[in-house]
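Rule-based calculations on the coordinates, nothing more; no lab input. Computed from a predicted structure; not experimentally measured. Virtual Cβ from ideal backbone geometry, glycine too; neighbours counted across all protein chains shown.
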Amino acid sequence: MRLDLLPRLIVLTALTLQMGCVSLLPTGKNIAESPWKEYADAKTAFDSITIGKTTEEDLKTLGFDVTSSPNLKVLNYLDIAATVQPIPIQELDPGLQSCLRARSDCRAYVFEPKRTYSKRLGNFWLDLLDFRRKTQETGWRFKALIVFVNHHVAYKLSSGEPKIDQLQDLINPLGPFQAPAGMITGLLPF
């Protein structure tokens with residue numbers, strides 16, 4: 001009877017360790033604080049901006065606060081000119097043309113809210129020993145360029161990734177010895 005109990009305890013311990021180890025894999029999240037929980041919410045707020053009418057105060061009520069939004073990039077007319085330099089001025093949107101003519105009365109803001117989450121998947125021991133690492137990233141990213149001329153929106157443009165679902169699967173056949181081998185070959189002069 002005692003001999004039958006030992007293999008059962010070993011199998012039970014191995015299963016418990018295997019299941020418990022998966023929770024030891026790292027997870028993370030990368031959030032640029034914003035009032036929007038989803039990509040669609042940010043896009044809807046952006047679509048509410050009206051060229052020629054929307055002011056900075058109106059933007060604030062939509063969630064695009066130029067005074068307190070994190071990760072906000074502020075551009076002047078020279079930054080915009082450098083960006084659109086390859087395009088002839090006649091072919092530019094009228095809002096961008098007025099920005100370049102307004103010079104110091106033109107400013108632009110780039111908002112980049114995002115919510116991404118990463119989670120390591122797979123076998124804990126293969127991950128720990130660097131033989132195989134699987135990482136899944138999910139979430140969304142939104143980017144909005146809003147150009148002001150004389151306190152009103154003159155131009156707007158958006159882009160982004162509504163649904164991020166990426167799986168990265170790195171396999172190192174040499175496991176923990178893979179990185180040192182790369183360092184040694186990197187030091188060789190040829």
**Study point:** Breaking point among (1) under 27 Å from K163 (Cβ atoms); (2) touching a residue at least 12 places away in the same chain (Cβ under 8 Å); (3) not in a strand (DSSP E or B), for T44
**Key:** (2)
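Please go through the range 74-86 and give me each residue that is touching a Leu at 6+ places or on another chain (Cβ under 9 Å) and either part of a helix (DSSP H, G or I) or exposed (fewer than 13 other Cβ atoms within 10 Å of the Cβ) (or both), ordered by number.
Selection gives Y77, I80, A81, T83, V84.
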**Study point:** Filtered residues of the range 103-116 (kept if more than 30 Å from I31 (Cβ to Cβ) and buried (at least 16 other Cβ atoms within 10 Å of the Cβ))
**Key:** C106
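Quick grid of which residues meet (1) closer than 16 Å to R115 by Cβ; (2) assigned to a strand (DSSP E or B):
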site	(1), (2)
D127	no, no
D130	no, no
T135	no, yes
T138	yes, yes
K143	yes, yes
F148	no, yes
A154	no, yes
K163	yes, yes
Point to revise | Odd one out for T138, checked against (1) buried (at least 16 other Cβ atoms within 10 Å of the Cβ); (2) touching a strand residue (DSSP E or B) at 6+ places or on another chain (Cβ under 6 Å) | key: (1)
